[in-house]
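Here is the structure we will look at, set down as structure tokens.
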Amino acid sequence: MTDERGIALPLVLGVMVLVFLLVTATLSQSLQARHSTVTDWQMLRAQYAAESGIARMQEKICQQEQFGTITTQLNGMEVVTQSVIRGGEGVIISTAEGQGVKQTIRVWLDRKTCTVIRWER
């Protein structure tokens, strides 16, 4: 095996293929992590928007004793908040939707004290 002519090309090609595969895998993982981070951030924004809708409805109910529906724009998302009476308790359902995500939060409200009894996502 003293004649080593022609071994350079297959060796360089093999190294290039390995480098290409490593770079492709790294870029793929990086893009997946970025997409996941953006989605988590949007879900958090939707949750905060839904909670804001609940706070607005809670204030409206406590001041006016009026149940109904409110639609608002918060954090670039459409928030639809509904309130109904079920079994002597007020239930507020707030849904924030936009930018590819949707969050719904339910709150049970004591009608006498106007305090939150229970949260549910």
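Numerical summary
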read-out: Check on G98, of a type in the set (G, A, S), surrounded by 15 or more Cβ atoms within 10 Å (Cβ to Cβ) and closer than 26 Å to W41 by Cβ; value: yes
read-out: Tally, over the stretch 100-118, of residues that are assigned to a strand (DSSP E or B) and over 21 Å from T39 (Cβ atoms); value: 9
read-out: Residue match in the stretch 99-106 (condition: over 16 Å from the mean Cα position of the chain (by Cα) and of a type outside the set (K, R)); value: no
read-out: Check on S28, touching a residue at least 40 places away in the same chain (Cβ under 8 Å) and either open to solvent by 60 Å² or more (accessible area, probe 1.4 Å) or of a type in the set (G, A, S) (or both); value: no
read-out: Selection count, the stretch 46-88, where residues are touching a residue at least 12 places away in the same chain (Cβ under 8 Å), exposed (fewer than 13 other Cβ atoms within 10 Å of the Cβ) and among the β-branched types (V, I, T); value: 3
read-out: Selected residue [at pLDDT below 90 and closer than 20 Å to E120 by Cβ] from G90, G76; value: G90
read-out: Filtered residue count, the stretch 102-115, keeping only those that are of a type outside the set (D, E), at pLDDT below 90 and out of contact with any helix residue (DSSP H, G or I) (no Cβ under 7 Å at 6 or more places or on another chain); value: 4
read-out: M43 being in contact (Cβ under 8 Å) with a residue 60 or more places away in the chain and surrounded by 10 or more Cβ atoms within 10 Å (Cβ to Cβ); value: yes
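The values are calculated or read from the model by the stated rules, or taken from the named source; none is laboratory data. Predicted model, so just to flag it, every value in this text is computed and none were measured. Note that we place each Cβ from the backbone using ideal geometry, even for glycine, and neighbour counts take in every protein chain shown. Just so you know, the surface numbers come from the protein's heavy atoms only, side chains and all, with ligands and any DNA or RNA stripped out. Shrake-Rupley method; radii C 1.70, N 1.55, O 1.52, S 1.80 Å.
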